[in-house]
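K.L.:
After the structure tokens below, expect a handful of questions from me.
Since every read-out is calculated from the coordinates, none of them should be taken as a lab result. Model, not experiment: these values are computed from the prediction. Here the Cβ positions follow ideal geometry from the backbone for every residue, glycine too, while neighbour counts run over all protein chains shown.
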Amino acid sequence: MKKIISMLLVLVMMVGMCAMFAGCNQEEEKGSVYYLNFKPEADEAWQKLAAEYTELTGVEVKVVTAASGTYSDKLNSEMAKGDDAPTLFQCGNAQGLLDWGDYCLDLSNTDVYKEMTTDDFNLRDDSGAVKAIGYCYEAFGIIVNKALLKQAGYEITDITDFASLKQIAEDIHARAGELGFDAFASSGLDGSSSWRFSGHLANMPLYYEFRDDEVTKQPATIKGTYLDNYRNIWDLYINNSAADKTSLSTATGDESQAEFGTGKAVFWQQGTWEYANLVGEKYNMKAEDLQMIPIYCGVEGEAKAALCCGTENCWAVNAKASKADQDATLEFLKWVVTSESGTKMMAEQFGPIPFKAAKEPENVFFADANKLIADGNYTVTWAFNHTPNVDAWRAGVVSALTAYSADQTDDNWAAVETAFVDGWAAQYKVQEGG
């Protein structure tokens, strides 16, 4: 009898220990999510969504947002943390894939990938594996305050190409004192703003050169065929603004946003992501007063151009994270793109997203993009995604633009061309280990 009792006690203990270990294993298998967010303007929205998901599922979701212009440095430092590294991060272009491809899990057979409606914005490696998925697409161009434009005596339909834009902008600038507003918001070259010109504006000469030369992947060298057009539009920006051209190195993105948002400028080069700021409590602009037009720079046939459309917003899941954390991250992403809360937040913050459950965004800038395309205009794709060693290349262009803006001589513009063309070749060599 004692033997039977002893055996029963041992059995009970074994069952208890198995249950305990099973509980531990379940806890380990639960995993957690750490998202290193790329967009400071969406931080609050991501924090709220993460908290909701944690409350709903018990899965910890941590969101850390890199300051504007610091994502690359932040990603490097966070990835060095081993087990505490991000499980979800941004890999937005060809350079990103070269730098972080080994850290990008193949998403080809995941549930979140199966929810996608297009493959157009995704990044694949040479084997065809989906290494990062474009979770939204964006457009940039010149945002126009139509109410101010009308006060100046013009309609949006008067702007059809660079010549008409130049005539109107120069007239508004000449009458800025009497009108109470100027043509363009400041073109700041501070780090919070310079990406608009070393990245987005630089896309114009790159796009047209790549179009002509049928470039489809990152080239080792570029020619700078359309850099005169780059100068055209840059001169128009800085010569028809209230901003001091010699102080652009310290002019910030927030300053230019405030100039446009408070009605001090008619034109502002920016993107669809600014819509919520403009119509929200910060500035309370009316949606019907806003429209985005193409960036015209004097290229032949540009009257048929649409907006610059593409994305650098691509999610990558850390291939070096634990299986439990990878699974937790993939489940979180599926919830983001299928749930009511997730799709609502994505529509509000990012506009149209390429997923089956996507909500229709209210953002009028996307309506502008869609109309231009529907009317048969050509989309200006994001050629700047091919930039080698992107941060260093852009820094060289910004430095040269800063010097040129303070003294607009041909010699100083030649330095911009050198930074653009020779800088590309030099950074390509650096990127390739040369």
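K.L.:
Just to confirm the filter: which GluC sites (Glu not before Pro) across region 202-270 are DSSP coil and have at most 12 other Cβ within 10 angstrom of their Cβ?
P.N.:
Glu214
K.L.:
Continuing with the same structure: Relative to the longest principal axis of the C-alpha atoms of the chain, give the angle of the C-alpha long axis of helix 323-338, reported between 0 and 90° and rounded to the nearest 10°.
P.N.:
Result, in degrees: 50.
K.L.:
In whole percent, what relative contact order does region 227-324 give with Cα contacts below 8 Å and a gap of six or more residues?
P.N.:
Relative contact order for region 227-324 comes out at 25 percent.
K.L.:
Would region 292-415 count as rounded, prolate or oblate if I go by the C-alpha gyration tensor, calling it rounded below 1.5 in a/c and otherwise prolate when a/b exceeds b/c, oblate otherwise?
P.N.:
Values: a/c = 3.05, a/b = 1.47, b/c = 2.08.
Cα axes put region 292-415 in the oblate bin.
K.L.:
Here's a follow-up. For region 142-201, state the average projected area of the convex hull of the C-alpha atoms over all orientations, rounded to one decimal in nm².
P.N.:
4.7 nm²
K.L.:
Still on this structure, please answer the following. Kindly state, to the nearest 0.05, the FRET efficiency for Glu432 paired with Glu41, given R0 = 41 Å and r defined as their beta-carbon distance. Walk me through the intermediate numbers first.
P.N.:
On the way: r = 34 Å, r/R0 = 0.83.
Computed FRET efficiency for Glu432 and Glu41 comes out at 0.75.
K.L.:
Here is a follow-up. Any idea what diffusion coefficient region 37-143 gets from Stokes-Einstein, in µm²/s, Kirkwood Rh on alpha carbon pairs, 37 °C, 0.692 mPa s?
P.N.:
Translational diffusion coefficient: 211 µm²/s.
K.L.:
Still on this structure, I have one more. Region 92-162: percent of C-alpha pairs farther apart than 21 Å?
P.N.:
More than 21 Å apart: 49 percent of the Cα pairs in region 92-162.
K.L.:
Once the piece of chain linking Ala303 and Ala220 is laid out straight, how much longer is it, given 0.36 nm per residue of separation minus the C-alpha distance between them?
P.N.:
26.8 nm
K.L.:
Would you mind estimating how fast region 192-327 diffuses translationally, via Stokes-Einstein at 20 °C and 1.002 mPa s with the Kirkwood radius over Cα pairs, in µm²/s?
P.N.:
It comes out at roughly 121 µm²/s.
K.L.:
Tell me the angle of helix 43-57 to the major Cα principal axis of the chain, expressed in degrees between 0 and 90 and rounded to the nearest ten.
P.N.:
In the chain, helix 43-57 runs at an angle near 20 degrees to the longest axis.
K.L.:
Which GluC sites (Glu not before Pro) in region 104-185 sit in a loop by DSSP (not H, G, I, E or B) and have at most 13 other Cβ atoms within 10 Å of their own Cβ?
P.N.:
Values: sites: Glu115, Glu138, Glu155, Glu170, Glu178; in loops: Glu115, Glu155.
Of the GluC sites (Glu not before Pro), the ones in loops of region 104-185 whose Cβ has at most 13 other Cβ atoms within 10 Å are Glu155.
K.L.:
Would you please classify the overall shape of region 218-259 from the alpha carbon gyration tensor, given that a ≥ b ≥ c denote the square roots of the eigenvalues, rounded means a/c under 1.5, and beyond that prolate means a/b larger than b/c while oblate covers the rest?
P.N.:
Prolate.
K.L.:
With a ≥ b ≥ c the root eigenvalues of the C-alpha gyration tensor of region 133-232, is it rounded (a/c under 1.5), prolate (a/b larger than b/c) or oblate?
P.N.:
Prolate.
K.L.:
May I ask you to compute the full-extension gain from Ala374 to Val421, defined as 0.36 nm times their residue separation minus their alpha-carbon distance, rounded to one decimal in nm?
P.N.:
13.4 nm
K.L.:
If the viscosity is 1.567 mPa s and the temperature 4 °C, what Stokes-Einstein diffusion coefficient in µm²/s follows for region 256-322 when Rh is the Kirkwood radius over Cα pairs?
P.N.:
Value of D from the Cα-based Kirkwood radius: 87 µm²/s.
K.L.:
Scan region 286-334 for trypsin sites (Lys or Arg not before Pro) in coil per DSSP, keeping those whose Cβ has at most 15 other Cβ atoms within 10 Å, and list them by number.
P.N.:
Hits after loop and neighbour filter: Lys286, Lys320.
K.L.:
Grab the DSSP H runs of the chain that are 4 residues or longer, score each as -39,500 (n - 2.57), total them, divide by all residues and round the 222 nm result to the nearest 500 deg cm²/dmol.
P.N.:
Details: 17 runs with 202 residues, N = 434.
Calculated mean residue ellipticity at 222 nm is -14500 deg cm²/dmol.
K.L.:
With +1 on the Cβ of every Lys and Arg and -1 on the Cβ of every Asp and Glu, and nothing else charged, how large is the dipole of the chain about its Cα centre, in debye rounded to the nearest 20?
P.N.:
Working: 34 positive and 64 negative charges, 243 e Å.
Taking the Cα centre of the chain as origin, the dipole is about 1160 debye.
K.L.:
When only alpha-carbon atoms count, how far does region 343-415 stretch along each of its three principal axes, as whole angstroms with the largest first?
P.N.:
Answer, in whole Å and largest first: 52, 28, 22 Å.
K.L.:
Work out the length of the dipole vector of region 67-186 about its Cα centre, built from +1 on the beta-carbon of each Lys and Arg and -1 on the beta-carbon of each Asp and Glu, and round it to the nearest 20 debye.
P.N.:
Taking the Cα centre of region 67-186 as origin, the dipole is about 360 debye.
K.L.:
How would Lys146, Lys264, Lys48 line up from fewest to most surrounding beta-carbon atoms within 10 angstrom? Before the final figure, lay out the partial values.
P.N.:
Details: Lys146 16, Lys264 19, Lys48 13.
Exposure proxy ranking, most exposed first: Lys48, Lys146, Lys264.
K.L.:
Let me ask you something else. So if I average 1/r over every pair of distinct C-alpha atoms in region 183-254 and take the inverse, what Kirkwood radius in Å does that give?
P.N.:
13.3 Å
K.L.:
Calculate how steeply helix 410-431 sits against the longest principal axis of the alpha-carbon atoms of the chain, using the helix alpha-carbon long axis, and give the answer as 0 to 90 degrees to the nearest 10.
P.N.:
20 degrees
K.L.:
Given R₀ = 22 Å, FRET efficiency for Asp102-Ser127 by Cβ-Cβ distance, to 0.05? Before the final figure, lay out each step's value.
P.N.:
Values: r = 13 Å, r/R0 = 0.59.
With a Förster radius of 22 Å, E is 0.95.
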